Amino acid sequence: MKKDIQVFDNVLQLIGNTPLIKLNKITADYKGEFYAKVEAFNPGHSSKDRIALHIIEEAERQGILNPGDTIVETTSGNTGFSIAMVSIIKGYKCILAVSSKSSPDKIDMLKSMGAQVYVCPAHVSADDPRSYYEVAKRLHEETKGSIYINQYFNQLNIDAHYNSTGPEIWQQTEGQITHLVAASGTGGTISGTAKYLKEQNPNIKIIGVDAYGSVLKKYHETREFDHDEIYPYRIEGLGKNLIPTATDFDMIDEFVKVTDEESAHTAREISRTEGLFVGYTSGAAMQAIKQLQEEGEFKAGDQVVVIFPDHGSRYMSKIYNDKWMEEQGFFDSKKVGTLESIQY
Ligand code: PMP
């Protein structure tokens, strides 16, 4: 084997060390420099590879996960895909309980990666025995030699980013980072990354991105759970209707809320202007930067890092589909940005 060509033992060795890529066009008129941490470069195409690997390897170190055991989680999204990928390489069974709201594409994707998928009714309460939370819990209890990842309530989710995403960004910016902007779902990414960065320089400003319809921003400001904040919205992976313990609210200086519509358009704009085909929450994080720029948050010399959590290919039937955009009314106020093809 030639020494100058990198060869890997397996796909897991490619997790982490994602590139930091300068944004050149979308922020051309802004003060400061803007860099994207592009997590789609992980082999499972999202930041969730980091937590899947870390949580599974920690369970191995503690001796609670042994060859042939089972890993259980409730997710139809990126975390499920990453757990399935890690399970294949390490020889575990992977059980995912998903909601019947999940698109058939997503369920097929998880099955393609060898996961056993339980599709549970969407419109039942979280404590109903048929809900995907309850089904996952039961499968975990009934399956000898299984672990439950429980990403919203697992401290190891924070630790994964404290150990990897944080140090990578510190090194890649040579300690010059002034702002971190990141979408918050479980909160693991922003909390772990922020903890590491604030230990290096407490003046780095940490900005979380939340959805309208989610309780995170209000909870951050009041430390009270306000049911009135909760209503349905479309962005997946952003915000929440509960308070995850994987979010360390003390690490976050400010939350910015963004709309479904503007986040979708901004994701499409990133793809068109920077050549980076990104997911919906990348659009949300960039949309937050736009709003902060309008408020005069940034100044010359600032180095702003924004996390782009996943790849656009996961959203072909949503934000990159004009019919879906039209159905949501996302072209009503903004007639621009349709994806025309030429009939030949
Ligand atoms: N973007 C996407 C697409 C996600 O799936 C998630 C995770 N739910 C996030 C952002 C937020 O990351 P975290 O859970 O670490 O807060």
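With a Cα-only, solvent-free Debye model of the range 79-148, what are the log10 I(q)/I(0) values at q = 0.28 Å⁻¹?
Computed log10 I(q)/I(0) values: -1.26.
Let me make sure I get this right: for the range 1-146, a, b and c are the square roots of the gyration tensor eigenvalues over alpha carbons, sorted descending. Under 1.5 in a/c it's rounded, otherwise prolate if a/b > b/c, else oblate. Which is it? Provide the component values of the computation, followed by the final result.
Numbers: a/c = 2.42, a/b = 1.38, b/c = 1.75.
Because a/c hits 1.5 or more and a/b fails to exceed b/c, the range 1-146 counts as oblate.
How large are Rg and Dmax for the range 291-344 when calculated on the C-alpha trace, in angstrom?
16.4, 49
What ranking, highest mean first, results for peptides 226-238, 264-276, 192-204 when packing means the other Cβ atoms within 10 Å averaged over each residue?
Working: 226-238: 16.1, 264-276: 20.0, 192-204: 18.4.
Going by the mean number of other Cβ atoms within 10 Å, highest first, we get 264-276, 192-204, 226-238.
May I have the pair-distance distribution P(r) for the range 202-285, computed from all Cα-Cα distances with 5 Å bins from 0 and rounded to whole percent?
3, 15, 23, 22, 17, 12, 7, 2, 0
Determine, from the Cβ-Cβ distance of Tyr231 and Ser125 and an R0 of 22 Å, the FRET efficiency 1/(1 + (r/R0)^6), rounded to the nearest 0.05. All intermediate terms of the calculation are to be shown ahead of the outcome.
Values: r = 16 Å, r/R0 = 0.74.
Using R0 = 22 Å, I get an efficiency of 0.85.
What are the radius of gyration and Dmax of the range 96-190, computed over its Cα atoms and given in Å?
When restricted to Cα atoms, the range 96-190 yields Rg and Dmax of 17.5, 50 Å.
Quick one: check the C-alpha center-to-center distance for the range 269-334 versus the range 189-219, whole angstrom.
A separation of 19 Å, based on Cα centres.
Return one quarter of the surface area of the convex hull spanned by the alpha-carbon atoms of the range 137-183, equal to its mean projected area, in nm².
Values: hull surface 18.8 nm².
It is 4.7 nm².
Please say if the range 142-243 is rounded, prolate or oblate, where rounded means a/c under 1.5 for a ≥ b ≥ c the square roots of the C-alpha gyration tensor eigenvalues, and otherwise the choice is prolate for a/b larger than b/c and oblate otherwise?
Working: a/c = 2.32, a/b = 1.22, b/c = 1.91.
Because a/c hits 1.5 or more and a/b fails to exceed b/c, the range 142-243 counts as oblate.
Report the dimensions of the range 42-119 along its three principal axes from the alpha-carbon atoms, largest first, rounded to Å.
Result, largest extent first: 35, 24, 17 Å.
Give me the percent of the accessible area of the chain that comes from carbon and sulfur atoms, probe 1.4 Å, all protein chains in place. Could you put the intermediate results ahead of the total?
Values: 7880 of 16200 Å².
In the chain, the share of accessible area belonging to carbon and sulfur is 49 percent.
Once the Cα gyration tensor of the chain is diagonalised, what are the square roots of 5 times its eigenvalues, in whole Å and ordered largest first, as equivalent ellipsoid semi-axes? Don't skip to the answer; put the middle values down first.
Working: eigenvalues 180, 119, 96 Å².
That gives 30, 24, 22 Å for the three semi-axes.
Tell me what the chain gives for mean residue ellipticity at 222 nm when only DSSP H runs of n ≥ 4 count, each as -39,500 (n - 2.57), the sum divided by the residue total, rounded to 500 deg cm²/dmol. Please report the intermediate quantities before stating the final value.
Working: 11 runs with 120 residues, N = 344.
Counting only the DSSP helices, I get -10500 deg cm²/dmol.
If the cut-off is 18 Å between C-alpha atoms, which lysines fall inside it for Lys257, apart from same-chain ones fewer than 8 positions away?
By straight Cα distance, Lys257 reaches Lys205, Lys217, Lys218, Lys240, Lys290.
What accessible area per residue, rounded to a whole number of Å², is obtained for the chain using a probe radius of 1.4 Å?
Details: 16200 Å² over 344 residues.
Per-residue value: 47 Å².
If you average the alpha carbon positions of the range 222-239 and of the range 122-180, how far apart do those two centres end up, in angstrom?
18
The values are calculated or read from the model by the stated rules, or taken from the named source; none is laboratory data. Keep in mind it's a predicted model, so treat the numbers as computed, not measured. Quick reminder, even Gly has a Cβ in these numbers, built from the backbone with ideal geometry, and neighbours come from all protein chains shown. Quick note on the areas: whole protein, heavy atoms, side chains included, nothing else; ligands and nucleic acids left out. Shrake-Rupley method; radii C 1.70, N 1.55, O 1.52, S 1.80 Å.
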